[in-house]
1. Filter segment 77-114 down to the residues that are under 18 Å from Val198 (Cβ atoms) and β-branched (Val, Ile, Thr), then identify the one that is farthest from the chain's Cα centre (by Cα).
2. Could you say which residue among Leu193, Leu246, Leu180 is assigned to a helix (DSSP H, G or I) and among the aliphatic types (A, V, I, L, M)?
3. Given the criteria in contact with a strand residue (DSSP E or B) (Cβ under 8 Å, 6 or more places away or on another chain), modelled with pLDDT of 95 or more and surrounded by fewer than 19 Cβ atoms within 10 Å (Cβ to Cβ), does Lys39 qualify?
4. Being surrounded by 12 or more Cβ atoms within 10 Å (Cβ to Cβ), closer than 18 Å to Asn142 by Cα and either among the aromatic types (Phe, Trp, Tyr) or in contact (Cβ under 8 Å) with a residue 24 or more places away in the chain (or both) narrows it down to one of Tyr53, Tyr70, so name that one.
5. Would you be able to tell me the number of residues in segment 146-165 that are modelled with pLDDT of 95 or more and either buried (at least 20 other Cβ atoms within 10 Å of the Cβ) or on the phi > 0 side of the Ramachandran plot (or both)?
6. Just one of (1) among the polar types (S, T, N, Q); (2) surrounded by fewer than 19 Cβ atoms within 10 Å (Cβ to Cβ); (3) within 12 Å of Lys167 (Cα to Cα); (4) touching a residue at least 40 places away in the same chain (Cβ under 8 Å) trips up Thr227, so point out which.
7. Just the residues that are touching a strand residue (DSSP E or B) at 6+ places or on another chain (Cβ under 7 Å), charged (D, E, K, R) and closer than 15 Å to Gln85 by Cα, please, taken from segment 42-54.
8. Return the residues of segment 110-158 that are small (Gly, Ala, Ser) and touching a helix residue (DSSP H, G or I) at 6+ places or on another chain (Cβ under 9 Å); say none if nothing qualifies.
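The values are calculated or read from the model by the stated rules, or taken from the named source; none is laboratory data. Fair warning: this is a prediction, and the values are worked out from it, not measured in the lab. So basically every Cβ, Gly included, is an ideal-geometry build from the backbone, and we count neighbours across all protein chains shown.
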Amino acid sequence: MFKKIPVILITLLFSLGGCAKDYSLAPPPDSEQIIVTVKVPKELIAETLQVMYRSTLCTFTDHSASGVPYQRDGYQRMDVEAVRQGQSDLYEAKLAKNGGGVCQWQLSNVTFGVTYGDPTRFGENVIGGAGGGVVVVFDRNNSSRGGTGIKVDGDLIIKKDYYPWVKESFLGGHVKRVSLAGEGNIYLGYQALLARKVYFEPVLHTDFTVYSVEPKEKKKGNHTAFTYPDGTVIADGRSSPDLRKLEAIRLAAGAQK
């Protein structure tokens, strides 16, 4: 994660031709805005938005794996804190589509999500893990997390199920983490060229926690053991929980009520 700051500007100074020039973001007052809204379950907190702007005017020289130089778009990253809307569970951030400045920065992508604010509720030494993230790309460039994602027309509405996943590992040191098991593993990825509103609603099923214990020794036949909410223990070589099984357990429990 980057250092948290309030919304508006980050200033980068580049030296071109011996002169220091201000390449800062400077969104014009009438810049079109993209509104990102996250509905945050009470057990979780909204993560800082990581926002990237690109410029085709202010490029820089990079090198390929074989050392061949080539020009790349300039880019700036900034952190934005979503603001709680009154006393609701909605958190909102407004991002200027046009970043302005001499480079004519344009919004490229945003990474955001939810996580546990207090992982120790699952045990004294439990730390926060991965999952519950979203990457939305607003242009045709890959994000820092990989590709452009699933293409979506118009505004983007995301509603997904998540399950607490407490995993214990031993290789490289004993660590216990609580992650969010859900579709997309760590991040859901989307490309939304025309979106002006992005809405994310993670549905957390707190009563259906899955636990995993990784092997203490790395050798053939040793697999991570997953204990599901119905007491089933499975060690079949998978590295993450079986989401279909979790969903089936939850639906079966609901049908019995």
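1. Only one residue fits best here, namely Val83.
2. Among Leu193, Leu246, Leu180, only Leu246 is assigned to a helix (DSSP H, G or I) and among the aliphatic types (A, V, I, L, M).
3. Answer is yes for this residue.
4. Tyr53
5. 6
6. Status for Thr227: all satisfied but (4).
7. Once the filter is applied, which keeps residues that are touching a strand residue (DSSP E or B) at 6+ places or on another chain (Cβ under 7 Å), charged (D, E, K, R) and closer than 15 Å to Gln85 by Cα, segment 42-54 yields nothing.
8. The answer is Gly128, Gly129.
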